[in-house]
Structures are given as structure tokens and as C-alpha cells.
Amino acid sequence: QVQLVESGGGLVQAGGSLRLSCAASGRTFSRYDMGWFRQAPGKEREFVAAISTSGYRTYYADSVKGRFTISRDNAKNTVYLQMNSLKPEDTAVYYCAAGDFNSATYAHTSDYDYWGQGTQVTVSS
């Protein structure tokens, strides 16, 4: 019922910045909590950041805290991930996800119901 499309990925040097966008379809975007995950080759998909329906609550993985910022614009049906001070270890395919979570569980893939196709982020050293 909900389609998600990521964009904004690309090549960047270490220390640089990128802003990822996730455009969602439908009029019910504001009803969904949103999250960003990433997956590197040979590794499991890992949690990056999440944001509640209103944007009031945000959550971050320890590995990106202080460098990444998640935000959303419900009027535009879009969630963003601003990535600063990028490191080579941030290289991965980044996925946008929609679901219904709470403060106790938001960092697992099973907490989300819909997923985008992903966008590649490559950070060179």
C-alpha cells in the first residue's frame, strides 16, 4: 500500500556530506513511523536512524550519533537523512522503511512493514 523511493546517494570523500531523501506515496504518510537502515556487502541490514510520525522523537545508532540527522516533512511525504563527517565505514546501500514502532523497539527490520529499493552511498578515503 505504501511505496518508498530513496534518492541522494553517491560517491563522496571521507569527511564530506550527503543528504538522502525518501519519497513516500499515499495520503497516509504521516501515520507511519519512519526509519533508515543500511547494508554493506556480506553483512546484515543494520539500523541507522528512526523518527516518529510527528517527528517529535528520533533515534540513532551509536555509530552515527552526532553525525547523522533524520527529519521528515509530512506535507511533502518525505523523510531525510542528513549525513555529515562521513567515514569509509558508512559505505553501504541505504534503505528507507515505514512501520509502526514504539520507544522499546525501533531498531529491528521486523519493526517495519514497507521498504524502499535502496540507494548506494560510497565514502572514499
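If you keep only loop residues by DSSP, which trypsin sites (Lys or Arg not before Pro) in region 8-55 have at most 11 other Cβ atoms within 10 Å of their Cβ? The partial results should precede the final answer.
On the way: sites: Arg19, Arg27, Arg31, Arg38, Lys43, Arg45; in loops: Arg27, Lys43, Arg45.
Sites meeting the loop and neighbour criteria: Arg27, Lys43.
What Kirkwood Rh does the chain have if only Cα atoms enter the pairwise 1/r average? Answer in Å.
Working: mean 1/r = 0.0702 Å⁻¹.
Evaluated on the chain, it is 14.2 Å.
So if I take the centroid of the Cα atoms in region 1-50 and the same for region 87-125, what is the distance between those two points in Å?
6 Å
List, largest first, the extents of the alpha carbons of region 5-52 along their principal axes, each in whole Å.
Extents along the principal axes, in whole Å: 37, 22, 17.
Given 10 Å bins starting at zero, what is the percent of C-alpha pairs of region 65-125 in each, up to the one with the largest pair distance?
The calculated distribution, bin by bin, is 17, 46, 33, 3.
What does the highest-first list of 6-15, 86-95 look like by mean Cβ count within 10 Å?
Values: 6-15: 14.6, 86-95: 18.4.
In descending order of packing, they fall as 86-95, 6-15.
Quick one: dipole size for the chain, taken about the Cα centre, charges +1 on Lys/Arg Cβ and -1 on Asp/Glu Cβ, in debye to the nearest 20.
Details: 12 positive and 11 negative charges, 62 e Å.
The calculated dipole for the chain is roughly 300 debye.
We did not get these values from a lab; they are worked out from the coordinates using the rules stated. Predicted, not measured: the structure shown is a model, and the values here were computed from it. We place every Cβ from the backbone using ideal geometry, glycine too, and count neighbours over all the protein chains shown.
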